[in-house]
Every structure is written in structure tokens, then in C-alpha cells.
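The next block holds one structure in the form of C-alpha cells; read it before the comments.
Every number in this text was worked out from the coordinates using simple rules, so none of it is lab data. Computed from a prediction, not measured in an experiment: that's the story for all the values here. Here the Cβ positions follow ideal geometry from the backbone for every residue, glycine too, while neighbour counts run over all protein chains shown.
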Amino acid sequence: MEKDISKILITEKEIQEKVKEMGKIISLDYKGKEVLLICVLRGSIMFTADLMRHITVPVIVDTIAVSSYGDQTKSSGVVRLLKDLDEDITNKHVLIVEDIVDSGLTLKYLRKVLQQRRPASIKVCTLLNKQERRVHDASPDYYGFIIPDEFVVGYGLDYDEHYRQLPFIGILDSKIYKD
Ligand code: PRP
Ligand code: 7HP
């Protein structure tokens, strides 16, 4: 599996340090409040699990599943809701947790859908921000790393459902998806 990685972009240590730092900032920003973390399946599983360990205010966690990539490295342009939340988010402080914001389409969709449910507030936290690929008007409130326009895997991110378990973020060798 690691032979398919052309370069390690962010090491496990760098990720863990950044996640700790993000948890501290979020804890300060939400002081005195309860935060409802929305883990966007499946890519955000690892990030959510690590981040919540560094948040010191009360946390509730829920999951939502959307997909727009399938087995491709470019967004299909259509977001499908695969699994809705279990919680009622009305009057709650919602923090959407994403692994990556790329074109911005998923985030734009999630903000729109969740805003209609009248939360007290809605913010977005992403580990990776591939901002040079942004085509939709959507930006995260918190991000860990700005990354270049490369297809990355690991720490929850996949290509065709593989590589999610890698503890680092690596650039996938283009031989894997181009022929
Ligand atoms: C990935 C990622 C984000 C989204 C970002 O999800 O987890 O949710 O793409 O891309 P965008 O900004 O271009 O919309 P994906 O649809 O691959 O599902 P997954 O999390 O199950 O891998
Ligand atoms: C989605 C996604 N999934 C894995 N790696 C990337 O670089 C990605 N961008 N958008």
C-alpha cells in the first residue's frame, strides 16, 4: 500500500500536533457552550476521533454521509446524501468536521441543508484545505493545512475506498488512477 504513495506530504507527528492545536482553539472559541460535532463520513472518521479528544467543552457527536467522488479523483459535481443525522440540530452549536475541502461543493451542500434546520450556529473545521481548486463559494472556519492540487490519501482520505488507514497524508502515485 505504501508503495503507491509518491510522497508523504504531512507526517503522523505533524498531523497530531496540528489536531491538538485545533482542539485548543475550538475549546476556547466555544467556551461555555456545548458543541455538536458532525463527522462527515467516511473520510472524517480519524480526524473527528482525534479532534474530540482535544476539545475540553461538552461535545455531542453525530454523523452524516455524503458522497460526490465515488471511484474518481475529481468530483462528480453532484452530492448525494447517503445517511442523514440522528440528532435534531435546532438551536445547537454545530461544527461540521471535514477531512478535506477541495472544490467546496460538499461543504456548500452541507451548509445549505443544515442551515435550514435552524441551528444556533454553524461552523466548519477541516484538516486539509485544497484552496487552489475551490470553485464553489464555501470556506472553512478552521483548517489545519493548506495543501497543493494533488490527490492525497491517508488519515481517513481514500481512493476508491482504499488507503484510509494510513496514519499520514500522502500523495497518491498517479500511476494508480491514470493509464
Ligand atoms: C470527500 C471529502 C469531502 C469532499 C471534499 O468526500 O471527504 O467530503 O470529498 O470534496 P469537495 O470539496 O470537492 O466537495 P467523498 O465524496 O470522497 O466521500 P468519503 O468521505 O466517503 O471519501
Ligand atoms: C476529495 C478527496 N479525496 C481524497 N483525496 C483528495 O485529494 C480529495 N480531494 N477531494
Virtual spin-label span in nm between Q165 and K74, 7 Å along Cα→Cβ: 3.2
For the pair S139 and I25, what calculated FRET efficiency results from E = 1/(1 + (r/R0)^6), where r is the Cβ-Cβ distance and R0 = 22 Å, to the nearest 0.05? 0.85
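How large is the helix-only mean residue ellipticity at 222 nm for the chain, computed as the sum of -39500 (n - 2.57) over DSSP H runs with n ≥ 4, divided by its residue count, in deg cm²/dmol to the nearest 500?
On the way: 3 runs with 37 residues, N = 179.
Using -39500 (n - 2.57) per qualifying helix, the result is -6500 deg cm²/dmol.
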Say a paramagnetic label sat at a point 7 Å from the Cα of L81, along Cα to Cβ; which residues of the range 16-50 have their backbone N under 16 Å from it? 38-41
If you take the beta carbon distance between Q115 and K3 as r and set R0 to 35 Å, what does 1/(1 + (r/R0)^6) give as a FRET efficiency, to the nearest 0.05? 0.20
Using all C-alpha to C-alpha distances in the range 77-179, build P(r) with 10 Å bins and read off the rounded percent in each one. 14, 41, 34, 10, 2
Derived scalar couplings ³J(HN,Hα) [the range 27-40; Karplus, 6.51 cos²θ - 1.76 cosθ + 1.60; whole Hz; x for Gly, Pro]: 4, 5, 5, 9, 3, x, 10, 9, 10, 9, 7, 10, 7, 8
Highest mean first, what order results for 94-107, 44-57 on Cβ atoms within 10 Å? 94-107, 44-57
For E132 and V57 in the same chain, what is the full-extension length gain: residue separation times 0.36 nm, less their Cα-Cα distance, in nm? 23.7 nm
Quick one: divide the alpha-carbon radius of gyration of the range 12-148 by 2.2 N^0.38 Å and tell me what you get. 0.99
